[in-house]
Amino acid sequence: MIKAHKIRLHPTAEQVVYFAKAAGTARFVWNWALAEWNRQYEAGEKPTALKLKKQFNEIRREHFPWTWEVTKNASDQPFLDLGKAFTAFFAGRAHRPRFKSKKRSKPSFYLANDQLELGDHRLWIPKLGWVNMAEKLRFTGKVTGARITKSADWWFVSIQVEMPDAVAVKRPGAIGMDVGLNRLATLSTGEGVENQAFLKTALGKLRRANKRLHRRKLGSNNREKARREVARLHYRITCMRDDVLHKLTTRLANCYGMIGIEDLNIKGLIKNRRVSRAFSDAALGKLFSLLDSKVTQRGGQVVKVGRFFPSSKTCHCCGWKWETMTLGDRVFRCQNAVCPYYQFPQDRDQNAGQNILREALHVIGLIDQVVTGIGSDEDVNLPADAG
Ligand SMILES: [Zn+2]
C-alpha cells in the first residue's frame with residue numbers, strides 16, 4: 001500500500017527560485033514532448049515516451065543546456081508521465097493530455113527516491129541542498145518518490161511511502177448515512193454532522209478580495225499581491241473543508257464495517273444552478289470517495305442505495321409512506337395506527353438514514369425485507385462472516 005504525506009516546505013528565497021526553475025523545466029519538457037508526440041502521430045509514426053526522451057537528449061546539449069541546472073528528474077519524469085497519460089487516454093480512462101500553461105497549471109516537479117534524502121524536518125534535493133519541512137514524515141516505510149508542488153502561495157512536498165498492507169479487520173457494525181445541505185450527514189444512530197459551508201461563510205471576504213484584484217492594474221505588483229490573497233483564501237477554504245471530511249470519514253471507517261449511502265447524482269446536482277454552489281461547498285463527492293477508500297482499506301464495504309429509493313418519505317419502522325412530504329417538512333410523523341412510531345416525531349434525516357441502512361442491508365442480502373415491522377434505534381450488528 002502506498003501512502004502519501006503532503007508537507008509544507010519553508011524554502012529560502014534562493015530555494016524558491018530553484019523550485020520555480022525546476023517546475024518550469026518540467027513544464028517545458030512536457031510541452032516539448034507533447035508537441036513532438038502529436039507531430040509524429042499525425043505523420044503516421046508511433047511515438048513512445050522512451051523514443052522521445054532519446055530524441056530530446058540528442059539535441060539537449062545544443063538547444064536546452066539550461067535544463068541541467070536543476071535535478072535531472074525535472075527533465076526525465078515528464079516523458080514517463082506523458083507515456084502514462086497517453087496509455088490512460090487510449091484506454092479511455094482519461095482526457096487527451098494537454099499542454100501545461102504557465103498561468104493555469106499547477107507548478108510541480110518530481111523527485112525519484114535516488115534524487116532525495118530525508119532528514120528530521122528537512123529534505124535534500126540535488127543541486128540545491130537541504131530544504132526545511134514544516135513537520136517530519138508521518139509514515140515509516142520505503143520512500144518511493146516525491147513531488148514538489150505549489151499551491152496558492154506555498155510550496156509543498158508530497159512524499160510517497162510504501163508500507164506493508166495493514167491487516168484488514170472488518171468492523172462488525174453497520175450504519176446508514178443520509179447526506180444533505182442543511183446537515184452534511186445524519187447517521188442512522190441520530191448523530192448529525194453540520195454542514196459548515198466554509199465557502200458560503202468566506203464568500204464576503206472572497207468577493208472583496210476579488211474586487212480588489214480586478215481594480216488593480218494588469219501586470220502590476222499590487223495585482224500580483226491581490227491575486228495571491230485570493231489564492232490563499234481559496235486554499236484555506238479547501239483545507240478547512242478537507243479537515244472536516246477526513247475526520248468524519250476516518251471515524252466512520254474505524255467504527256463500521258458496512259456503511260449505507262445514497263447513490264446521489266452529484267454531477268447532475270451541481271448542474272442545477274440554484275443549489276450548485278451549496279453542493280460544491282459541501283463536497284459530497286469527496287466525502288463519498290474518501291469514505292469508500294478508507295472503509296475498503298479496512299476490509300469493509302460502502303453500499304450504495306438506489307437513487308430513487310424513497311428514503312425520506314418512508315417510515316423506517318413500518319414502511320408507511322408520506323406521499324405529500326415536501327422539502328420543508330423536517331419532522332416525520334408516521335400515520336399508521338399500528339406502528340410503534342405512530343404520531344411520534346422523528347427527525348427527517350435520521351429516519352432517512354435508518355431507511356438507507358435497512359435498504360443497504362437488503363441490497364447485500366443480510367435481511368429479506370426492506371422493512372421488518374419492528375423498529376430498532378440500535379446499530380444493526382452484522383454476523384462475523386457477513387459481507
Ligand atoms: Zn411507521
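The values are calculated or read from the model by the stated rules, or taken from the named source; none is laboratory data. Given the structure is predicted, the values throughout are model-derived calculations rather than measurements. Because the Cβ atoms are built from the backbone with ideal geometry, glycine has one as well, and the counts that use them run over all protein chains shown.
Would you tally the residues in region 112-126 being surrounded by fewer than 13 Cβ atoms within 10 Å (Cβ to Cβ) and within 19 Å of Glu69 (Cα to Cα)?
Number of matching residues: 1.
Among the listed residues Leu218, Leu213, Leu203, identify the single one that is exposed (fewer than 13 other Cβ atoms within 10 Å of the Cβ), over 29 Å from Tyr256 (Cβ atoms) and of a type in the set (A, V, I, L, M, F, W, C).
Leu218
Failed condition for Lys150, given (1) farther than 19 Å from Tyr235 by Cα; (2) in a strand (DSSP E or B); (3) in contact (Cβ under 8 Å) with a residue 12 or more places away in the chain, with all others met?
(1)
Could you grab me the full set of residues in region 169-199 that are within 21 Å of the chain's Cα centre (by Cα) and over 23 Å from Ala352 (Cβ atoms)?
Phe198, Leu199
When you go through (1) within 16 Å of the ligand (Cβ to nearest atom); (2) charged (D, E, K, R); (3) modelled with pLDDT under 90; (4) out of contact with any helix residue (DSSP H, G or I) (no Cβ under 7 Å at 6 or more places or on another chain) one by one for Asp385, which number turns out not to apply?
Failing condition for Asp385: (1).
Within the set of pairs 6 or more residues apart or between chains, which connect a residue that is under 13 Å from Leu248 (Cβ atoms) inside region 285-302 to a residue that is among the small types (Gly, Ala, Ser) and not in a helix (DSSP H, G or I) with Cβ atoms less than 8 Å apart?
Leu287/Ala185; Val295/Gly257
Mind telling me which of the residues Ala174, Ala226 ends up being small (Gly, Ala, Ser) and not in a helix (DSSP H, G or I)?
Testing whether each residue is small (Gly, Ala, Ser) and not in a helix (DSSP H, G or I) leaves just Ala174.
Per-residue answers, yes or no, for (1) basic (Lys, Arg); (2) loosely packed, with under 11 Cβ neighbours inside 10 Å:
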site	(1), (2)
Val29	no, no
Gly44	no, yes
Lys53	yes, no
Arg60	yes, no
His63	no, no
Leu82	no, no
Phe90	no, yes
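Which pairs have Cβ atoms under 8 Å, sit 6 or more apart or on different chains, and link a residue in region 235-249 that is under 20 Å from Leu206 (Cα atoms) to one that is hydroxyl-bearing (Ser, Thr, Tyr)?
From residues that are under 20 Å from Leu206 (Cα atoms), the pairs are Tyr235/Ser151.
Only one residue in Glu229, Glu262 is surrounded by 15 or more Cβ atoms within 10 Å (Cβ to Cβ), more than 16 Å from the ligand (Cβ to nearest atom), of a type in the set (D, E, K, R) and within 22 Å of His362 (Cβ to Cβ), so which one is that?
Numbers: Glu229 fails: within 22 Å of His362 (Cβ to Cβ).
Testing whether each residue is surrounded by 15 or more Cβ atoms within 10 Å (Cβ to Cβ), more than 16 Å from the ligand (Cβ to nearest atom), of a type in the set (D, E, K, R) and within 22 Å of His362 (Cβ to Cβ) leaves just Glu262.
Here are some conditions: (1) among the hydroxyl-bearing types (Ser, Thr, Tyr); (2) in a loop (DSSP other than H, G, I, E, B); (3) over 30 Å from Leu366 (Cβ atoms). Thr189 meets all but one. Which one does it not meet?
For Thr189, the failing item is (3).
Given the conditions (1) assigned to a helix (DSSP H, G or I); (2) among the small types (Gly, Ala, Ser); (3) under 25 Å from Lys106 (Cα atoms), report the number of the one that Ala278 does not fulfil.
Here Ala278 clears every test but (3).
Need pairs with beta-carbon distance below 7 Å; first residue crowded, with 19+ Cβ neighbours inside 10 Å and within region 160-176, second β-branched (Val, Ile, Thr) and at pLDDT below 85; sequence gap 6+ or separate chains.
Ala174/Val380
Mind checking which residues of region 209-220 are more than 11 Å from Leu233 (Cα to Cα) and not small (Gly, Ala, Ser)?
Initially, region 209-220 is screened for residues more than 11 Å from Leu233 (Cα to Cα), giving 211-220.
Residues satisfying the conditions are Lys211, Arg212, Leu213, His214, Arg215, Arg216, Lys217, Leu218.
Scan region 108-128 residue by residue and report those that are among the small types (Gly, Ala, Ser) and free of Cβ contacts under 8 Å to residues at least 24 places away in the same chain.
Listed by number, the list holds a single entry, Gly119.
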